[in-house]
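So the structure is just underneath, and the comments pick up after that.
The values are calculated or read from the model by the stated rules, or taken from the named source; none is laboratory data. Predicted model, so just to flag it, every value in this text is computed and none were measured. All Cβ positions, even for glycine, are placed from backbone atoms using ideal geometry, and neighbour counts span all protein chains on display. These area figures cover heavy atoms from the full protein model, side chains too; ligands, DNA and RNA do not enter into them. Shrake-Rupley method; radii C 1.70, N 1.55, O 1.52, S 1.80 Å.
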Amino acid sequence: MADFDVVIVGSGPGGYVAAIKAAQHGKTVAIIERESLGGICLNWGCIPTKALLKSAEMFHEFQHAKDFGLSAADIKADFPAVIKRSRDVAAVNSKGVEFLMKKNKVTVIPGTARFIAKDTLEVVAKDGASRKLTAKAFIVATGGRPRQFPHLPVDGKNVINYREAMSLPVQPKSLLCIGAGAIGMEFGYFYAALGTQVQVVEVLDQVLPVEDKDVAVLVAKSFDKMGIKIHLSTKVAKLEITDGAVKVHLDKAGQVEVITVEKVLVSVGIVPNTENLGLDLAGVKLDERGFIAIDENCQTSNPAVYAIGDVAGKQLLAHKASFEGEAAVGHITGHPVPVNYNQIPGCTYCQPQVASIGLTEQKAKALGRPLKIGKFNFMASGKARAISHPEGFVKLIFDAEYDQLIGAHLVGVDTTELLAELSLAMKLECTAREIMLTIHAHPTLSEAVMEAAADALGECVHQ
């Protein structure tokens, strides 16, 4: 007889959600975690970074108090206090997961796990004590870690990754972010808003490479206004640490420029935590990129083993991990909810914020699909002007043949909060006319969604 119905390795947003869902289905559940409950997301990723960014946003707003008819003199950023608040927020959220595990009667087992057979895990605690666990089903949710390159050696002091970036004891005077994806752009905004001289280098020809080009161009312009210098189509050839600073050799089409900064943040991707898991002994195969290979139900080559979250590749996002947790448990319990990876939303929380789902205009055109594109600028939004944030737009992409929403791209203040409507619209296969005829409250930023749909039909009112 198995020790548990379901055993989950890793307690991030995929693992702990899967644990709760399995318990709700009446399963006996254990979850194994070697660090803090909540994984990277709650402790070192999504949540504490948003706490940092909120501090940066407020500080930036205070600098423009006169725009709102207010006077705010001698506003200063207390960097250690900003960092402490972020760490406190993370600690509270981790405690929240601990409460949820108790509430749902999930057994939490501290330690490191590895398969020693197809149906057996060995768990080793910090004190070296070990135990064996069997289960009817296993879910691997071990996440990922920053990708490293030999010529970009991270020492944790001068050359750092995201963990050090959110817990530095002293604010650096200058910072270079290598990589213009979500991590590089969020930290770039955070530090620049607090007064650090920031530069960003990206090997591709646009910031936020997975986003629609129009969105990327606007964000780059906004960063430029903040004084952030962006180096596109540029690679870092070499780093030299000298006297507490870093000399960075930038190579753009063979032309080398050397700049000196206090800190370098390396944010060039994630690799899966698959080592030392005994996956070969469990009969679990990896894909060509080294992630665990799964099907639409998150099932691996071993029918008793599932994989979710960053360790399973595709979009490396917390909410994707959570839904995969539901999908895995659904399949285990006979209530399948397959994952549609074409409908995973994505958000970047710099300012202006970026939110998107589905195809970009560039990808849709590459597929040869006939399109209707609607765009509404926040400059024409009464609410956006009232709150003094007229920057950005909502851009919607429809299949011209069926009038169906296939892509949504938003950039501007709080646009991450507007995306859920469009995620639902895409799931329900809504048309431009259905979105246009949905009554949106006035005045709200969400009216831009309605107006963009109307624009695609040539019926926009306020622009």
Set 380, 366: member being open to solvent by less than 60 Å² (accessible area, probe 1.4 Å) and over 30 Å from residue 46 (Cα atoms): 380
Any pair with Cβ under 8 angstrom, 6 or more apart, that starts in the stretch 197-217 at a residue that is touching a residue at least 24 places away in the same chain (Cβ under 8 Å) and ends at one that is of a type in the set (Ser, Thr, Tyr) and surrounded by 23 or more Cβ atoms within 10 Å (Cβ to Cβ): 198/191; 208/348; 211/348; 211/356; 212/356; 215/356
Near pairs, Cβ below 7 angstrom, 6+ apart or cross-chain, from the stretch 51-73 (over 19 Å from residue 348 (Cβ atoms)) to any residue that is open to solvent by 30 Å² or more (accessible area, probe 1.4 Å) and not in a loop (DSSP other than H, G, I, E, B): 72/62
So residue 147, is it within 18 Å of residue 49 (Cα to Cα), surrounded by fewer than 19 Cβ atoms within 10 Å (Cβ to Cβ) and at pLDDT below 95: no
Scope the stretch 197-215; condition more than 15 Å from residue 351 (Cβ to Cβ) and open to solvent by less than 10 Å² (accessible area, probe 1.4 Å); matching residues: 201, 212
Selection count, the stretch 438-463, where residues are over 17 Å from residue 425 (Cβ atoms) and surrounded by 15 or more Cβ atoms within 10 Å (Cβ to Cβ): 2
The stretch 35-63, subset at pLDDT 95 or above and charged (D, E, K, R), residue surrounded by the most Cβ atoms within 10 Å (Cβ to Cβ): 57
Any hit, the stretch 184-191, residues being open to solvent by 50 Å² or more (accessible area, probe 1.4 Å) and at pLDDT 95 or above: no
Residues (open to solvent by 20 Å² or more (accessible area, probe 1.4 Å), charged (D, E, K, R), outside any loop (DSSP other than H, G, I, E, B) and farther than 25 Å from residue 219 by Cβ) located in the stretch 398-437: 427, 433, 434
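One line per residue, one yes/no per condition, for (1) assigned to a helix (DSSP H, G or I); (2) surrounded by fewer than 16 Cβ atoms within 10 Å (Cβ to Cβ); (3) not polar (S, T, N, Q):
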{"site": "90", "(1), (2), (3)": "yes, no, yes"}
{"site": "94", "(1), (2), (3)": "yes, no, no"}
{"site": "99", "(1), (2), (3)": "yes, yes, yes"}
{"site": "115", "(1), (2), (3)": "no, no, yes"}
{"site": "123", "(1), (2), (3)": "no, no, yes"}
{"site": "127", "(1), (2), (3)": "no, yes, yes"}
Residue 84 of a type outside the set (A, V, I, L, M), free of Cβ contacts under 8 Å to residues at least 40 places away in the same chain, under 30 Å from residue 243 (Cβ atoms) and part of a helix (DSSP H, G or I): yes
Sole residue being open to solvent by 30 Å² or more (accessible area, probe 1.4 Å) and either under 30 Å from residue 410 (Cα atoms) or under 22 Å from the mean Cα position of the chain (by Cα) (or both), chosen from 280, 310: 310
Conditions (1) under 25 Å from the mean Cα position of the chain (by Cα); (2) part of a loop (DSSP other than H, G, I, E, B); (3) not basic (Lys, Arg); number of the one not met by residue 187: (2)
Qualifying positions in the stretch 378-397 - in contact (Cβ under 8 Å) with a residue 60 or more places away in the chain and either within 24 Å of the chain's Cα centre (by Cα) or assigned to a strand (DSSP E or B) (or both): 391, 392, 393, 395, 396
Residue 386, sole failed condition from (1) of a type in the set (A, V, I, L, M, F, W, C); (2) surrounded by fewer than 17 Cβ atoms within 10 Å (Cβ to Cβ); (3) more than 28 Å from residue 67 (Cα to Cα): (3)
Sole exception among (1) under 24 Å from the mean Cα position of the chain (by Cα); (2) in a loop (DSSP other than H, G, I, E, B); (3) among the hydrophobic types (A, V, I, L, M, F, W, C) for residue 170, by number: (1)
Cβ pairs under 9 Å, 6+ apart, first in the stretch 249-261 and more than 13 Å from residue 239 (Cα to Cα), second open to solvent by 80 Å² or more (accessible area, probe 1.4 Å) and not in a loop (DSSP other than H, G, I, E, B): 252/235
Residues of the stretch 322-348 satisfying the condition of being within 28 Å of residue 44 (Cα to Cα), open to solvent by 10 Å² or more (accessible area, probe 1.4 Å), among the hydrophobic types (A, V, I, L, M, F, W, C) and touching a residue at least 60 places away in the same chain (Cβ under 8 Å): 347
Selection count, the stretch 211-226, where residues are over 16 Å from residue 187 (Cα atoms) and either among the polar types (S, T, N, Q) or assigned to a strand (DSSP E or B) (or both): 0
Residue match in the stretch 227-238 (condition: over 29 Å from residue 377 (Cβ atoms), in contact with a strand residue (DSSP E or B) (Cβ under 9 Å, 6 or more places away or on another chain), without any contact (Cβ under 8 Å) to a residue 40 or more places away in the chain and not in a loop (DSSP other than H, G, I, E, B)): yes
